[in-house]
Amino acid sequence: MADLPESTVLASEYFRGYSVVGLLAVIGVLFVAVAFGAGRLLRPVVPTPEKLLTYECGVDPVGEGWAHTQVRYYVYAFLYVIFAVDSIFLFPWATVFAAPGYGATTLVEMFIFLGFLAVGLLYAWKKGVLEWT
């Protein structure tokens, strides 16, 4: 490699690290494919009318396929996701806030972010979403 330019040598060393990652990814995909293929070949396949029903829990399916669900459960799940994202954002913010030179900027960013969350929470409260009846 003595006659190659330095940039070519650096590029080959750079891509050698990615080749290891690519090789591991290919091995992982092959491992999963072999496992699924072996499962398909080795499992017993005996379809019976009971197994071909929609449910195999021992109870015959009765009624409509549509189930009525309360929307409030989705709203609570959505509010949980919002506040989970808030907590995920708070931890890195706290580490950056402690770094020198970032104090005022990150403090303003956090108050803007918390303001948006407060407006969303007030909106949900005004709409009566947070009342469990």
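The values are calculated or read from the model by the stated rules, or taken from the named source; none is laboratory data. Nothing here was measured: the structure is a model prediction, and the numbers come from that model. Don't worry about glycine lacking a Cβ; one is built from the backbone with ideal geometry, like all the others, and counts go over all protein chains shown. Keep in mind that these areas ignore ligands, DNA and RNA; they rest on the heavy atoms of the full protein, side chains included. Shrake-Rupley method; radii C 1.70, N 1.55, O 1.52, S 1.80 Å.
In table form, for the structure just shown:
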item: Residue-normalised accessible area of the stretch 74-133, given per residue in Å² at a 1.4 Å probe; result: 79 Å²
item: Within the stretch 95-133, chymotrypsin sites (Phe, Trp or Tyr not before Pro) in DSSP loop having at most 12 other beta-carbon neighbours inside 10 Å; result: Trp132
item: Computed label-point distance, nm, for sites Leu117 and Val29 using a 7 Å Cα→Cβ extension; result: 3.9 nm
item: Net length gained if the chain between Ser19 and Leu41 were fully extended (0.36 nm per residue, minus Cα distance); result: 4.7 nm
